[in-house]
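Q: Mind looking over this structure? Questions follow.
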Amino acid sequence: MTNNTNSGGPGFEHNQEPATQNNPKNNIRDTDKPIYKEPNIPAPLLSPYNPALSEPVAISINEKSGLANPDKCIELGLTSTDAPHYSIVLPPPNVTGTLHLGHGLMATLQDISIRFERMRGKQALWIPGTDHAAIATQSKVEKDISKKEGKSRYDLGRDEMLKRIDAFATESHDTIVTQIKRMGASLDWSREAFTLDEARNKAVRTVFKKMYDDGLIYQGSRIVNWDPKGQTTISDDEIVHEERKAKLYTFKYSKDFPISISTTRPETKVGDTAVAVHPEDERYAEYVGKTYDLDFCGSKISVKIIADHAVEKDFGTGALGVTPAHSMVDWEMSRRHDLPVVQVIDEKARMIVSQDSPLYDKEKNIGMKTTDAREKVVEWLREQGLLEKEEDIIQRIGTAERTGGIIEPLPKKQWWVAVTKPFTIKHSNISGVQSGQQTTLKEIMQKAVSEGQIAIMPEHYNKTYFHWIDNLNDWCISRQIWYGHRIPVWYKMGSSDQSSGAISSSAKSEVYCDVLSPTEAGLPDADMYVQDEDTLDTWFSSGLWTFSTLGWPDNIDAKTGETMAGSDLSRFHPTNLLITGPDILFFWVARMILMTGYALGEIPFSKVYLNGIVRDIKGQKMSKSLGNGGDPVEISEKYGADALRMFYAMSTAPGTDSRLDENKIKGFKHFANKIWNIVRFVLTATENHTYDKSFSGWTEKDSVLRAERDDIFKAVTREIEESKYHLASEKVYQYTWSTLADVILEDSKFVFAGNDEEAKLSRAKFLLETIRLITIVAHPFMPHVTEEVWSLLTTGKSLIERVQNDTSHATINPSDLLMAQKWPF
RNA sequence: GGGCGAUUAGCUCAGUUGGUAGAGCAACACAUUUACACUGUGAAGGUCACAGGUUCGAGUCCUGUAUCGCCCACCA
C-alpha cells in the first residue's frame, strides 16, 4: 500500500537501490558497517529522510483519521460546536483530464490555511469537488471520438453521447482525486460534490426558477457569439481575440450608389440594410435619410443611409455598411434606427441566399461557405468594376476559447440573466443592499466588494473587478450543447416552437418553468410537454458552489425561508477564504458573488486570494498543447509533496507569477531532510532528558533564545492569518535552518561537551521544546515529514513502524496525530 | 483605444506605517568521517529601469519616460 506508486517511473531517480526501499534498516550506503557511531539510534531515525516511503503512510493515516471532517473533530473533543467556523471551498477542477502544477499551488495554499485553522481549534471545513465544465469536457470527448471513430455527436445521439462523456468524466475525476490526495490535501471527502450531480442540479433548478419568476431570466433574440465549430453559443468572456491578416475591400454596392464602403467581409453585405456615416460628416450629409433599393451580387437589398456616432469619420471611407444580423455593433445601430434584420449566414457558417444567387452552391444544393462566398463576391465586384481598393490589414478576430472556431455573430433566441433589471430582494446581509428594497444583480456585485465585505488580494484587482462590472451586459446562459444542466423549461407541444435556435414568431403560451418537471409535478397533460433542448453555461452551476455544496436548498426551511439551525449551511456559510486564479475572476468569482447575493442575500466568502500563474522554467504558461504542464504527483514522488508544497508557499507572493524551478524544489527536499536530522541530533544529544512543559530553570541565554523563537513563530502565525504564506514559510525555513541548525545546534555541542550541568539541562529542555514547536508550526506547510517526526517525538516510533502490522490503522489514535494538535501561538 | 501590473545580485524572486539593501539557486575560496555531503564556514556580487519632485532621509510616496507582460474594448 505504501509504495505502489513508484514502480520505476521515469522521474524516479533516488540514490537508493529500489530493492532496499521497503526496508529502512537496509537503507545504508555502505553495506559493511553502520555509518553511525552511536549504537542506540533507533532504526526509524536512520538517514536520510525518504519522502517517497514516508509520505504515502502519513497521507493514509491522515485520511483514515477522519480529522478533515469537523464533525469528527467535535466528536474527539478537538473542537466544539461553540468554536468559530472556518470554511473554504476547493475551486472544483474541470473533469477534462488531469491536474497540472498550477492546481497544486491553489491546493497547497488552501491546505496551509485549513490545517492552520483546524489546529487553532476552529471547526474547519474544506470541501472538495469537481466541475463538469460543460463545453470544455464535451468538446474534449467529441474530439477523441471524432479522431478514433470518425463520428460526430449527432451520429451518436444525445443519450449515447452523454454516456460517453460521463464515462470520461468519471475517469478524469478519479485521476484528479488521486492527484489531490497525493499532495496531502486535508479535504473532507465525505462532503465531496460535483457541479452536475443530483443535489447540485436541484440547486440549479431552484435558482433558475426563482430568477425566472423574478423576471431576471428571460428569453430573447439577440446577436450571440456563435461558435460554428462547437455548434453553440458562448459568452463574451469565452472569446479570445487573435490577430490575423485580412484584406480590407473598398467598393460601392452598385454604380448608382453614392457612397463607397470598406469591409473585410464582403459576403455579409448581402444582409446589409443600411449605410451609416458620422452625423458631422459633411461629405455624406445630403444622402442621410434616403433609401436605395439595390441588386447586390444576386440579392435584392434595401439600404437606408443613416447617421450614427458609432461611425469613425477617418476610418476607410468614413461610411459603414450595416449588417444587423452579423455584427454586434451593427445590431445595436439597427436597434437605434429601427432597421430590419436580415440573416444571411446560418449556424454552419453557410450563406442563406436564394437558389439563383451566385453565392448558392448548386452542386451541393446549399448556400456556400462564407469563406467561398467572400471570394465570389469579390470576383463579382471586380467584374462589375465596383471594387476600388484592396489592402492588407491586421484584424483582431474573435475565436472560441475552447474550440478555436472563429466566432460568427448570429441573431438567435437565447436565455439571459438581466444584470441591470431592478428586483426586490427579500433578505439581504450585504451592506448597502437593504432587505425588502429594490436592487439589481449588478449592484449586489458592486456593493459586496465596495462596502468592504469581500476583500480581494492583491488589492489592485479591485480596480479590475469594478471595471468589469461597470461594463457588464446581460449574461447569456444558454448553450446548445448536451453536457450540462438542461434548462428547466418545458413547452407544451403545439403551442410553441421548442427549438431555441430559430427565431420564431409563433405565440409562446404554455411555457412551464419549475424545479420539478411536468411529469414529476404530476401535471395531468405532462406527456405533452417537451423540455428546452439547451443546457446552461457551466458557470451558472459553479456560481452556486459555496452554498450548493453546503446543502442548499435542502437546508432551508420551506415554510419560514430560514436556514435550518445546525445545518452545514448555517454553520459554514459564508465561507472564509477563496483561493483561485485571477483568470477566473469574472467567470467565477464575480458570478459566485452574484448568485450568492441573489439566492441567499449573503456574500459567498469574505476574502478572495488571487494567486499568480505557475509558469515553466522558461517563463511560459503551462498548457497541455505545449506539453509543459507537469504532474504534481510526479514531482511529489521525486522530491516529496512536502518539498513541492514548500516551494509553492515560499516562491509565490499573492498575485505574482512564479516559475517552477526543479532545483528549488530539490532544495526543499533537502529542507525536509534537515528537519529530520535536527530531530535525530536533538533526540540523541538529549537522551537522558524528556520534554517538560512546566520546566522553569532556563539559563539567561536560553530565555533569550526562547523569546526570539516565540517572536518568530508569532509572526508566522500572523502572516498565515493574513494569507502571506510566502513570508510565513520563509520565516519557518530561515529559523529552522539558519538559526536553529546552524547556530543553536552548533552552540549546543559545546554546551553538552562542557560541565555546566545547569546549562546542559536548560539547553536540553530548550531543544526538546523547540523541535516540538517547529514541528507544529511547520506542519501546515510540510504535513508529512512533520507528522512522521511527531510520531517519533511522542511515541519513539515512526509512522511506518506503527502501521506495519496494522493496515487499518486501528492502533493509531487520531487525537495523538500532529494534525490534531493545538497551535501554540 | 482604455485599464492594470512588472522593472532590485549572474538567474528566479522577497522587501506596506519612508530610516544602514535580503533569500534561494548558480559561481568562488576553505573545511571533511560531522545530526545532516540532501553538510558547514567565509568572501564576492546591487547608482533597487531612467528623469524629475516631496522629505532631514525614498527600493518604498508623487509626476513623467522607456521596455516587458496581462486584461478589457464595436475601428468596419
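The values are calculated or read from the model by the stated rules, or taken from the named source; none is laboratory data. It should be emphasised that the depicted structure is a prediction, and the values quoted were computed from it without experimental measurement. Note: ideal-geometry Cβ built from the backbone for every residue, glycine included; neighbour counts use all protein chains shown.
Q: So in region A:655-667, with the set limited to residues that are more than 8 Å from RNA strand B (Cβ to nearest atom) and assigned to a helix (DSSP H, G or I), which one is farthest from A:Leu799 (Cα to Cα)?
A: So the first thing to find is which residues in region A:655-667 are more than 8 Å from RNA strand B (Cβ to nearest atom), and the list is A:660, A:662, A:665.
Now drop any that are not assigned to a helix (DSSP H, G or I), which leaves A:662, A:665.
Values: A:Glu662: 28, A:Ile665: 24 Å.
Applying the filter and picking the extreme gives A:Glu662.
Q: Let me ask something else. When both residues are 6+ apart or on different chains and their Cβ atoms are under 6 Å apart, which pairs have a first residue that lies in region A:726-746 and is among the small types (Gly, Ala, Ser), and a second that is part of a helix (DSSP H, G or I) and surrounded by fewer than 19 Cβ atoms within 10 Å (Cβ to Cβ)?
A: A:Ala728/A:Glu719
Q: Would it be correct to say that A:Asp692 is part of a helix (DSSP H, G or I), more than 7 Å from RNA strand B (Cβ to nearest atom), out of contact with any Ser or Thr (no Cβ under 7 Å at 6 or more places or on another chain) and of a type in the set (Asp, Glu)?
A: Numbers: part of a helix (DSSP H, G or I): no; more than 7 Å from RNA strand B (Cβ to nearest atom): yes; out of contact with any Ser or Thr (no Cβ under 7 Å at 6 or more places or on another chain): yes; of a type in the set (Asp, Glu): yes.
Here the answer is no, as A:Asp692 does not meet what is asked.
Q: Find the residue count for region A:49-95, including only residues that are of a type in the set (S, T, N, Q), crowded, with 22+ Cβ neighbours inside 10 Å and in a loop (DSSP other than H, G, I, E, B).
A: 1
Q: Let me ask something else. Can you confirm whether A:Asp314 is assigned to a helix (DSSP H, G or I) and without any contact (Cβ under 8 Å) to a residue 40 or more places away in the chain?
A: Here the answer is no, as A:Asp314 does not meet what is asked.
Q: Here is a follow-up. Please work out which one of (1) farther than 23 Å from A:Ala319 by Cα; (2) touching a residue at least 24 places away in the same chain (Cβ under 8 Å); (3) outside any loop (DSSP other than H, G, I, E, B) is the condition A:Asp372 fails and give its number.
A: Among (1) farther than 23 Å from A:Ala319 by Cα; (2) touching a residue at least 24 places away in the same chain (Cβ under 8 Å); (3) outside any loop (DSSP other than H, G, I, E, B), the lone unmet condition for A:Asp372 is (2).
Q: Can you find a residue that is within 30 Å of A:Gln414 (Cβ to Cβ), of a type outside the set (Ser, Thr, Tyr) and modelled with pLDDT of 95 or more anywhere in region A:568-579?
A: yes
Q: Further, regarding this structure: Looking at (1) under 22 Å from A:Gln231 (Cα atoms); (2) within 13 Å of RNA strand B (Cβ to nearest atom); (3) of a type in the set (D, E, K, R), can you tell me which one A:Asp330 breaks?
A: The single condition A:Asp330 does not satisfy is (1).
Q: Another question, if that's okay. Take the conditions part of a loop (DSSP other than H, G, I, E, B), surrounded by 23 or more Cβ atoms within 10 Å (Cβ to Cβ) and out of contact with any strand residue (DSSP E or B) (no Cβ under 7 Å at 6 or more places or on another chain) and apply them to A:Phe766. Does it pass?
A: no
Q: Yes or no: A:Ala715 away from RNA strand B (no atom under 12 Å from the Cβ) and either modelled with pLDDT of 95 or more or within 31 Å of the chain's Cα centre (by Cα) (or both)?
A: Working: away from RNA strand B (no atom under 12 Å from the Cβ): yes; either modelled with pLDDT of 95 or more or within 31 Å of the chain's Cα centre (by Cα) (or both): yes.
It is true that A:Ala715 is away from RNA strand B (no atom under 12 Å from the Cβ) and either modelled with pLDDT of 95 or more or within 31 Å of the chain's Cα centre (by Cα) (or both).
Q: Go through region A:100-132 and give me each residue that's within 23 Å of A:Arg615 (Cα to Cα) and outside any helix (DSSP H, G or I).
A: A:His100
Q: Here are the criteria: (1) surrounded by fewer than 24 Cβ atoms within 10 Å (Cβ to Cβ); (2) within 24 Å of A:Pro228 (Cβ to Cβ). Tell me which single one A:Ala134 does not satisfy.
A: (1)
Okay, residues lined up against (1) in a loop (DSSP other than H, G, I, E, B); (2) surrounded by fewer than 13 Cβ atoms within 10 Å (Cβ to Cβ); (3) under 22 Å from the mean Cα position of the chain (by Cα):
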position	(1), (2), (3)
A:Asp392	no, yes, no
A:Gln414	no, no, no
A:Val419	yes, no, no
A:Thr424	no, yes, no
A:Ser428	yes, no, no
A:Gln438	no, yes, no
A:Val449	no, no, yes
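Q: In addition: Of all residues in region A:382-441, count the ones that are in contact with a Ser or Thr (Cβ under 6 Å, 6 or more places away or on another chain) and among the β-branched types (Val, Ile, Thr).
A: Number satisfying all stated conditions: 6.
Q: Go through region A:454-473 residue by residue and tally those that are crowded, with 18+ Cβ neighbours inside 10 Å and either hydroxyl-bearing (Ser, Thr, Tyr) or in a loop (DSSP other than H, G, I, E, B) (or both). Talk me through it step by step, then tell me what you get.
A: If we filter region A:454-473 for residues that are crowded, with 18+ Cβ neighbours inside 10 Å, which is where we start, we get A:454, A:456-457, A:461, A:465, A:469, A:472.
When the remaining residues are screened for being either hydroxyl-bearing (Ser, Thr, Tyr) or in a loop (DSSP other than H, G, I, E, B) (or both), the result is A:454, A:461, A:465, A:472.
Qualifying residue count for the region: 4.
Q: Another question about this same structure. Give me the pairs, please: first residue somewhere in region A:579-600 and outside any helix (DSSP H, G or I) and of a type in the set (Gly, Ala, Ser), second residue anywhere and modelled with pLDDT of 95 or more and surrounded by fewer than 24 Cβ atoms within 10 Å (Cβ to Cβ), beta-carbon distance under 9 Å, and either six or more positions apart or on two chains.
A: So the pair list comes out as A:Gly581/A:Pro91.
Q: OK, next. Residue by residue through region A:519-539, note down the ones that are loosely packed, with under 15 Cβ neighbours inside 10 Å and assigned to a loop (DSSP other than H, G, I, E, B).
A: A:Thr519, A:Glu520, A:Ala521, A:Gly522, A:Pro524, A:Asp525
Q: Select from region A:734-748 the residues that are surrounded by fewer than 20 Cβ atoms within 10 Å (Cβ to Cβ) and over 13 Å from A:Leu683 (Cα atoms) and list them in ascending order.
A: Listed by number, the residues that qualify are A:Gln734, A:Trp737, A:Ser738, A:Thr739, A:Ala741, A:Asp742, A:Val743, A:Glu746, A:Asp747.
Q: Can you tell me which residue in region A:217-230 is farthest from A:Gln384 (Cα to Cα), limited to those that are more than 16 Å from RNA strand B (Cβ to nearest atom) and surrounded by fewer than 20 Cβ atoms within 10 Å (Cβ to Cβ)?
A: A:Tyr218
Q: Starting from region A:757-777, take each residue that is over 18 Å from A:Thr717 (Cα atoms) and list its partners that are crowded, with 21+ Cβ neighbours inside 10 Å and small (Gly, Ala, Ser), counting only C-beta distances under 7 angstrom and pairs at least six apart or across chains.
A: So the pair list comes out as A:Arg763/A:Ser748; A:Leu767/A:Ser748.
Q: Which ranges mark the strands (runs of 3 or more DSSP E) fully within region A:237-310 that have 1 or more residues being surrounded by fewer than 17 Cβ atoms within 10 Å (Cβ to Cβ) and in contact with a strand residue (DSSP E or B) (Cβ under 6 Å, 6 or more places away or on another chain)?
A: Hits in region A:237-310: A:239-251, A:291-296, A:299-307.
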